[in-house]
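Values quoted throughout were computed directly from the atomic coordinates according to the rules given, and no laboratory measurement underlies them. None of the values given here were measured: they were computed from a predicted structure. Here Cβ is always computed from backbone atoms with ideal geometry, including for glycine, and neighbour counts include all displayed protein chains.
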Amino acid sequence: MESPHSDATLGWSFGLLHGCRIPATMPDTMRNFLDQIVAYRCGAVAILLVAAFLEAYGDSCFQSGLHRSSGGTRFFAFLVGAVSLTSYGLVLNVPRWNFGRLLGVYVVLFFLCAQVIAKVKFGQTPSIPLIAGGVLITAGGVIVTAFGT
């Protein structure tokens, strides 16, 4: 028996969203655009920075929703967190790249973004042990990036 979904929409409908299908050209267009950006080292770092910011910001929204808000503000924090984390997942996983090779850079960028967000959003100043750990994270990122396969 033939599936009611065409090959082009199967990946987007998952059989759950019967009448709500995203055109097949949208993911291809987004993927091609991001592939062109990540083809350059600066572009790849920029995409990784955007993804790291989206992940850290989304996490901070959930932390705010759980521990620093109530009612409508809590719902809004969760909503923004969910949108941010979904965007992070798309930005990081749509391009065709060797993510394992870029993991070191990503971990360093995530750490830095998380520290900036902690300072700006929550007023948290990094401690000496956190700074020392950040130096080790950065060193590990350099090793993974420079010598990873």
Modelling each spin label as a point 7 Å along the Cα-to-Cβ direction, I'd like the Phe76/Val45 distance in nm, to one decimal.
3.6 nm
Given q = 0.10, 0.16 Å⁻¹, what are the Debye log10 I(q)/I(0) values for the stretch 54-149, with equal point scatterers placed on the Cα positions and solvent ignored?
-0.34, -0.79
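Sort the following peptides by mean Cβ neighbour count (other Cβ atoms within 10 Å, averaged over residues), highest first: 28-36, 46-54.
Taking the mean over residues of other Cβ atoms within 10 Å, the ranking is 46-54, 28-36.
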Env charge @ Ser60, Cβ radius under 12 Å, K,R +1 / D,E -1, value +1
